[in-house]
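A short write-up of the structure that comes next.
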Amino acid sequence: MINIVLYEPEIPQNTGNIARLCACTGSSLYLVGKLGFALTDKYTKRAGMDYWESVDLHKVNSMDDMFKQFPDGRFFYLTTKSKKKYTDITFQDGDFIVFGPESRGLPQEYVTQENAITIPMVEGQRSLNLSNSVAIVAYEIIRQLNL
């Protein structure tokens, strides 16, 4: 099982696309903190289409609440500020993959941790689209775990 964590997502279409990916892969989706939209937003619903009812969706108030809820969980933080590639990790069933908001990424306290990982890209570019990043890492985990 894969646990996708979106920390303060801002763009409803990205979250809808990610929800659809979660439905199709059997992944759980955790929305943490303040959302930049309502889950009833027409763009969120449209991007997720009729997959929303199949999503194992959880709304959590803060990352601290996530850590309390899953004290033994392994959390990996996606960032452009790490040199450690996501492909260098041996993922385990039940890992949590945390992605930050589209405009600013994860807070500094997460991107400097040992479990901060990155998706390689050409020097000088800011970042990949959030839903693309989630798909890239999710399918690496699926590949590794033979799901």
Scanning region 123-143 residue by residue, those closer than 21 Å to residue 83 by Cβ and open to solvent by 50 Å² or more (accessible area, probe 1.4 Å) turn out to be 123, 124, 125, 126, 127, 128, 132, 136
Can you name the condition, by its number, that residue 40 falls short on among (1) at pLDDT 95 or above; (2) among the polar types (S, T, N, Q); (3) open to solvent by 20 Å² or more (accessible area, probe 1.4 Å)?
(1)
When (1) at pLDDT 95 or above; (2) surrounded by 14 or more Cβ atoms within 10 Å (Cβ to Cβ); (3) closer than 17 Å to residue 6 by Cβ are applied to residue 64, the one that fails is (2)
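The values are calculated or read from the model by the stated rules, or taken from the named source; none is laboratory data. It should be emphasised that the depicted structure is a prediction, and the values quoted were computed from it without experimental measurement. Methodologically, a virtual Cβ is constructed for each residue, glycine included, from the backbone with ideal geometry; neighbour enumeration extends over all protein chains shown. All accessible areas refer to the heavy atoms of the entire protein, side chains included, with ligands and DNA or RNA removed. Shrake-Rupley method; radii C 1.70, N 1.55, O 1.52, S 1.80 Å.
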